[in-house]
Amino acid sequence: MNQASLFWKHVMQAERVSESVPMPEHGVYTVFVELGNTKIELLHPYGDKSPIASFLAKNQAGGIHHICLEVPDIHAALETLKACRVRPLSDKPKIGAHGLPVVFLHPKDCGGVLVELEEKDRA
């Protein structure tokens, strides 16, 4: 994760690259990267039951685990997606790394991509 942090900071000249933040409730260490209108989260497993451990076992060089899309109303977005036969991976949103409601969508319903929806901060 240190090498990736340096890449985003020095090569891609990110506006902000945080220190590694332990997030045991999510099973990851996270580095937050900000590039104008784009945010990237660098993830490293926190413990044996980390949700990204199996991904990294299959992709030892790393890679993109998922993409996150902001939505104005996560409940309305879920209803729209369910009507289109897109399955969420949980029944209701949970609080994500940014302290906002999130829900993941089944990759088989999203062209093989794990998609996270995050409700836009209303502050």
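The values are calculated or read from the model by the stated rules, or taken from the named source; none is laboratory data. In this text the structure is predicted, and so the values were computed from the model without any measurement. When the accessible area is computed, the model is the full protein with side chains, heavy atoms only, and any ligands, DNA or RNA have been set aside. Shrake-Rupley method; radii C 1.70, N 1.55, O 1.52, S 1.80 Å.
Tabulated results
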| quantity | calculated |
| --- | --- |
| HN-Hα J in Hz across segment 103-109 - Karplus 6.51, -1.76, 1.60, θ = phi - 60°, x for Gly and Pro | 8, 9, 10, 5, x, 5, 9 |
| Correct choice for Rg and Dmax of the Cα atoms in Å that was computed from the model, options [x] 13.5, 38; [y] 15.1, 44; [z] 51.3, 169 | [y] |
| The chain, accessible surface, carbon-and-sulfur percent (1.4 angstrom probe) | 54 |
| Amide H partners (placed H, <5 Å) of residue 96, local residues excluded | 102 |
| Degrees separating the helix 74-83 axis from the principal Cα axis of the chain, which is the longest one | 60 |
| Estimated 222 nm signal from helices in the chain, with DSSP H stretches of n ≥ 4 weighted -39500 (n - 2.57), rounded to 500 | -4500 deg cm²/dmol |
| Accessible area (Å², per residue) of the chain, counting only protein heavy atoms and a probe of 1.4 Å | 69 |
| Residues whose placed amide H lies under 5 Å from that of residue 68, excluding near-sequence neighbours | 116 |
